[in-house]
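The values are calculated or read from the model by the stated rules, or taken from the named source; none is laboratory data. Source: prediction; values computed, not measured. Heads up, the Cβs are rebuilt from the backbone with ideal geometry, glycines too, and the neighbour counts pull from every protein chain shown.
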Amino acid sequence: MQYVFGFLYCALHMMKHCLWATLIGLVTIASSAAATFPSKPLRIIVPAAAGGNLDLVTRNLAQQLSEQLGKPVVVENKPGGSYKVAVDALKNSPPNGYSYLAIADSFLYAPLISKASNFEPLKDFAPVSIFATVPQIVVVQSSMSINTVKELIALAREKPGELNYGSAGVGTTGHLAGALFNSQAGITMTHVPYKGNAPALIDLVGGRLSLIFDTISTSLPLIKSNSIKPLAVTSLKRSVLLPDVPTVDESGLPGYEAAIFNGLVAPVGVPSEILTRMNNEIRKAVQNHDIVARLREQGIELTSSGSTKDFAQFLQLQSDKYAQIIHSANIKAD
């Protein structure tokens, strides 16, 4: 019996040392990988077709990161399935710091409104950094007598359900911006989904819609031609493109914010040293004056989120906000 206990003791002692050796080895490998990072090209997956805001800002970011890192940063467009195609591509990538996913607000709420989005944003990915914000703008028919957010809210209270706002579809940022506006103002405006913002804008100009929560870049030409009328921007800061247009927050609905954000996430398991390195590189990239000026012309503001932990906290707060909006408005895409 003593021999058996002695054997077990030795075996357990050896296992303990083996485990420690394995852990030390893994840490050493991770540290070595971080020290030599990057040693090959990186890729950023964009869950949308080429040409949109997220694609535009990601390509500008990738170009600057490539210059800073000394390695190519390739952008791959993988649209479809409410992030499913792009998410699957990232999940099938090794967590070595060479593959990333560009995200917008819809990354957080897509799984809440669509069964096709079978992933958990806050658990399945490692936050890296935010890199841009895209304010939306509240625009109304040019013939409407109202000129402020307060007047819009008053009119909606006088005519509950009669004012209608268009969007690019159920569950889009414009839809949720309107639902948030309804909730915070205590009013009821009817949502009208379209297959894209362009047909919604056509109906707004034609007088068949009351208002739209749109991106500034697409509404700006119509605003300049007086075809539609701007009331307020949805960010907490005014847009440099329309400095005379107030924010919703300052013009009648305190605390309202519905700006689109763009950020970067990685597969779970990427060494923290590499995530921190990429976070630092993004913070440096968004300060490039040429890129800042170029994207501001499109209504896009470059920014950063501080540390990776700061970005994780930001994502949690945004996720909680969208969950509340979707639940109270009973928004379902399927």
Picked from the stretch 153-181 (must be hydroxyl-bearing (S, T, Y) and either assigned to a strand (DSSP E or B) or touching a helix residue (DSSP H, G or I) at 6+ places or on another chain (Cβ under 6 Å) (or both)), the residue farthest from F261 (Cα to Cα) is Y165
Could you tell me which residue of the stretch 76-92 is nearest to L112 (Cα to Cα), considering only residues that are touching a Ser or Thr at 6+ places or on another chain (Cβ under 9 Å) and buried (at least 17 other Cβ atoms within 10 Å of the Cβ)? S82
The stretch 77-114 - residue that is among the charged types (D, E, K, R) and not in a helix (DSSP H, G or I) and, of those, nearest to I282 (Cα to Cα): D105
Suppose the filter is farther than 26 Å from L56 by Cβ and acidic (D, E); does D249 pass it? yes
Candidate set: the stretch 293-308, residues that are touching a helix residue (DSSP H, G or I) at 6+ places or on another chain (Cβ under 9 Å) and in a loop (DSSP other than H, G, I, E, B); chosen: the one farthest from T234 (Cα to Cα): S307
All but one of (1) modelled with pLDDT of 95 or more; (2) exposed (fewer than 15 other Cβ atoms within 10 Å of the Cβ); (3) more than 29 Å from A179 (Cβ to Cβ) hold for N226; which doesn't? (3)
Starting from residues that are small (G, A, S) and touching an Asp or Glu at 6+ places or on another chain (Cβ under 7 Å), keep the ones in the stretch 121-172 and report whichever is surrounded by the fewest Cβ atoms within 10 Å (Cβ to Cβ). A132
If you go through the stretch 46-74 one residue at a time, how many are outside any helix (DSSP H, G or I) and either surrounded by fewer than 17 Cβ atoms within 10 Å (Cβ to Cβ) or not assigned by TED's automatic domain parsing to the domain that holds E273 (or both)? 8
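Table: residues versus (1) free of Cβ contacts under 8 Å to residues at least 40 places away in the same chain; (2) under 25 Å from N60 (Cα atoms).
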| position | (1), (2) |
| --- | --- |
| V240 | no, yes |
| V245 | no, no |
| L253 | no, no |
| A285 | no, yes |
| L317 | yes, no |
| H327 | yes, no |
Among the listed residues V248, V268, which satisfies the condition of being touching a strand residue (DSSP E or B) at 6+ places or on another chain (Cβ under 8 Å) and surrounded by fewer than 19 Cβ atoms within 10 Å (Cβ to Cβ)? V268
Candidates A126, A168, A102 - the one that is touching a residue at least 12 places away in the same chain (Cβ under 8 Å) and touching a Phe, Trp or Tyr at 6+ places or on another chain (Cβ under 7 Å): A168
Being in contact (Cβ under 8 Å) with a residue 40 or more places away in the chain, touching a helix residue (DSSP H, G or I) at 6+ places or on another chain (Cβ under 7 Å), of a type in the set (S, T, N, Q) and assigned to a helix (DSSP H, G or I), is that true of even one residue in the stretch 193-213? no
